[in-house]
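Below is one structure, written out as structure tokens; the observations come after it.
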Amino acid sequence: MPSIRPATEADLPVLQDIERAAGKPFADIGMTAVADDDPPTLATLREFQRNGRAWVATDDADRPIAYLVLGIVDGNAHVDQVSVDPEHAGRRLGKRLIDHAVHWARAHGLSAVTLTTFTEVTWNGPYYERLGFRYLAAAEETPGLRALRAAEAEHGLDVWPRACMRAELETWVFD
């Protein structure tokens, strides 16, 4: 069973590789711009890693096969990115990483975890909804979430339906 540990500096280029691989299935559903998008920069990943908010799921050789980086937006944990190498999909690695992030958020006194996602991609919005996230109405979006959505729109991601989601930590169901 894969283990979860903090990401190291040496892991960061591997996280970019995971991101590229995880993007490829988007091309299969006509979202080539998403599939071709660059992964987070090493500097961006390093900032999460140095702040103790980057975790990896590893294979038996301790090589990362999935990762999650967690931000803080308006006083809540925010899943900035969670990606699983498609060769290891279907093993609940994303859920295990989100569970880990929820534990971290609870330990740091936060009350919710948020994310932004594509609403009509089965491994995005519908997946997160099954985990316990709910879609936020526009009026429920905090200023930080609105700023993130505006940046996503500027980046061209609003070509496809997107939304903010939120899960309350007190009612989160762990695997």
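Scanning the range 22-43 for residues that are open to solvent by less than 60 Å² (accessible area, probe 1.4 Å) and either closer than 23 Å to Asp99 by Cα or not in a helix (DSSP H, G or I) (or both) yields Ala22, Gly23, Gly30, Met31, Pro39, Pro40. Checking each residue in the range 96-114 for being of a type outside the set (A, V, I, L, M, F, W, C), in contact with a helix residue (DSSP H, G or I) (Cβ under 8 Å, 6 or more places away or on another chain) and either more than 26 Å from Asn51 (Cβ to Cβ) or buried (at least 19 other Cβ atoms within 10 Å of the Cβ) (or both) picks out only Thr114. Of all residues in the range 92-107, those that are aliphatic (A, V, I, L, M) have Cβ atoms under 7 Å from Cβ atoms of residues that are assigned to a helix (DSSP H, G or I), 6 or more apart or on another chain, in Ile98/Leu131; Val102/Leu169; Ala105/Leu169. Within the option set Glu47, Glu19, being assigned to a helix (DSSP H, G or I) and either in contact with a Cys (Cβ under 8 Å, 6 or more places away or on another chain) or buried (at least 17 other Cβ atoms within 10 Å of the Cβ) (or both) holds for one residue only, Glu19.
Results for (1) open to solvent by less than 20 Å² (accessible area, probe 1.4 Å); (2) outside any loop (DSSP other than H, G, I, E, B); (3) in contact (Cβ under 8 Å) with a residue 12 or more places away in the chain; (4) closer than 22 Å to Ile18 by Cβ, shown as yes or no for each residue.
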site: Leu68; (1), (2), (3), (4): yes, yes, yes, yes
site: Gln81; (1), (2), (3), (4): no, yes, yes, yes
site: Thr116; (1), (2), (3), (4): no, yes, yes, yes
site: Arg166; (1), (2), (3), (4): no, yes, yes, no
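The values are calculated or read from the model by the stated rules, or taken from the named source; none is laboratory data. All values reported here derive from a predicted model rather than from experimental measurement. Cβ: placed from backbone, ideal geometry, glycine included. Neighbour counts: every protein chain shown. Please note that ligands, DNA and RNA were not included when accessible areas were found on the heavy atoms of the full protein model with its side chains. Shrake-Rupley method; radii C 1.70, N 1.55, O 1.52, S 1.80 Å.
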